[in-house]
């Protein structure tokens, strides 16, 4: 099933949560002068124009990056400001002083990877893969890989660098993606115990999230945390009411940062009933 196009959702509240945490993790990894790899299992097109037909259809960026872009920085948490700085840098490198473009996860990775670090970006959708390849401009340090990221990335573990970040962001259009996420984490950590793994999920059907949490607990993997931001109460109606990030081997600095970030997002972003979760679901 290849209908999903992230351009419709670029810059929404889910992207804010996902990329803010991803940016934080990458900055943390860069604090040590040692190379690492980034593996992106579902990279998308790489970048999105907020004025194109996809983004303009529902204008979901108005629930995410838009309000933050115009917010007063006086009481803004540091992690939010740093995330906005990266988005601004992306726009400036294309000649824009305002918010015209929104970067996908590959940009956040490439912006932070050290010179001798490596990035592996997977995408299954044929149109988005062509855009991704143009965006990445592959070389010996960055690879655009066409196909199923769950399958094709497994041979990358363990990396020679002994350090790595894995970001998993499937569209969940195919319902077994929820089960595949759990199996993938189990398989990766068997090969590479120290992997820092980030899993994005949508809150559409709560029982599926509960199933993922329970599945991860049964893997025996330690040190699993969860951060979730919701703009409405759980519903049986169609549509995403929030999203979350599950992290394996999260940076030790992240919980204190998110203790500031999540209440700020609740206060700043539009929503009918904003709230959040922040839990250590499996101890170290």
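The values are calculated or read from the model by the stated rules, or taken from the named source; none is laboratory data. Just so we're clear, the structure is a prediction, and the values are computed from it rather than from any experiment. Glycine gets a Cβ as well: all are built from the backbone with ideal geometry, and neighbour counts include every protein chain shown.
Descriptive notes on the structure:
- Residue that is modelled with the highest pLDDT [pool: residues in the stretch 224-239 that are out of contact with any helix residue (DSSP H, G or I) (no Cβ under 7 Å at 6 or more places or on another chain) and farther than 16 Å from residue 281 by Cβ]: 230
- Which numbered condition residue 143 misses (of (1) part of a strand (DSSP E or B); (2) surrounded by fewer than 23 Cβ atoms within 10 Å (Cβ to Cβ); (3) in contact (Cβ under 8 Å) with a residue 40 or more places away in the chain): (3)
- Residue check: residue 159 meets all listed conditions (1) touching a strand residue (DSSP E or B) at 6+ places or on another chain (Cβ under 7 Å); (2) in a helix (DSSP H, G or I); (3) touching a residue at least 24 places away in the same chain (Cβ under 8 Å) but one, namely (2).
- Qualifying position, being in contact (Cβ under 8 Å) with a residue 60 or more places away in the chain and either under 23 Å from residue 68 (Cβ atoms) or surrounded by 18 or more Cβ atoms within 10 Å (Cβ to Cβ) (or both), among 253, 267, 217: 253
- Residue among 92, 175, 190 that is surrounded by fewer than 21 Cβ atoms within 10 Å (Cβ to Cβ) and at pLDDT below 95: 175
- Close contacts from the stretch 42-69, counting a first residue that is at positive phi and buried (at least 22 other Cβ atoms within 10 Å of the Cβ) and a second that is outside any loop (DSSP other than H, G, I, E, B) and modelled with pLDDT under 90, with Cβ to Cβ under 8 Å and a gap of 6+ residues or different chains, come to 44/6.
- Within the stretch 70-102, tally of residues that are more than 22 Å from residue 262 (Cβ to Cβ), touching a helix residue (DSSP H, G or I) at 6+ places or on another chain (Cβ under 8 Å) and either touching a residue at least 24 places away in the same chain (Cβ under 8 Å) or in a loop (DSSP other than H, G, I, E, B) (or both): 6
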